[in-house]
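Before any comments, here is the structure.
The values are calculated or read from the model by the stated rules, or taken from the named source; none is laboratory data. Source: prediction; values computed, not measured. FYI the Cβ positions are ideal-geometry reconstructions off the backbone, even for glycines, and counts take in every protein chain you see.
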Amino acid sequence: MDKKTKIILSVLAVGLTATATFFIIRKIKRKKLEQKLVGGELDQTRIDEIQATPLSVANPPLTTEFQAVVMSQPMDLFIKTQADGNAFRKWVNDNHNAYARQIDLDPTGSHTNSYFEKAWKKYGGEYIAENGGLIAIASAKLNEFVAQNPKAGKVISAYKTTFTAPINLADKGINFLLGRKETPNPSGTFNPKISATNLYNSMRGWGTNEKLFFDTLSPLSRSQRIDVREYYDKNGVGKKLGTLELSVRGEFGGAELTRAIDLIEL
């Protein structure tokens, strides 16, 4: 085997390994979020109740359990089409009109934009509780969780022990290989170009360096975050990824997407 072929095969091997690791990490992170939010709502008495009588439309989850599912699962588990989205939009306008007007949520429109996602995170649990078809979906998800985690209080600690160190190590390795590292600001200064570059670096290549993304924006004021977003969009920092909003929507999901959208100050 010649040197050129060896190099090509080595690059392919690294790429395949990084891709596989990314999907494994994403699955584990979603599972950890579910353990934290859903597991946090279920004590042993409640778990025993669900095991004895599984949840269903006739035996629905509690409102707080619906909300835990909303916060821990991808939105498209419940909202799959434009029609689904418009039904929720109308419900919010009918039942929480002041909030709908506050965030400019029209009765019809996109079911993937930031306004819709904010409303879903706030009122999704309440909406599901009034919709038989969605109650069935949430019930199945909670029944599955209980079947996999029959003992309360042990789940999160077990996941921390089993997965946290390997995930952190794999994340660091992938971030290093893909150049997703921080460019520090000079002490005590703010530079929108440096912050925008850090955001781009956090999302380049496979996966996302979530820590770099959130550490870049969280310490900034609202006006500074707006400056960063405008610099990112207007100066082509993310030309391979699109605008900052498009970049964020392509890289984040669930509760992390909601947090990221809030931070970029649309």
### Task
Return yes when Ala83 is more than 26 Å from Val248 (Cβ to Cβ) and assigned by TED's automatic domain parsing to the domain that holds Glu49 and no when it is not.
no
### Task
Would you tally the residues in segment 120-141 being more than 19 Å from Arg46 (Cβ to Cβ) and modelled with pLDDT of 90 or more?
12
### Query
Can you tell me which residues in segment 72-118 are of a type in the set (A, V, I, L, M) and assigned to a helix (DSSP H, G or I)?
Met75, Leu77, Ala83, Ala87, Val92, Ala98, Ala100
### Message
Quick check on this structure: which one of Ala255, Ala170, Ala165 is buried (at least 18 other Cβ atoms within 10 Å of the Cβ), at pLDDT below 75, out of contact with any Cys (no Cβ under 7 Å at 6 or more places or on another chain) and not assigned by TED's automatic domain parsing to the domain that holds Ile103?
### Response
Ala170
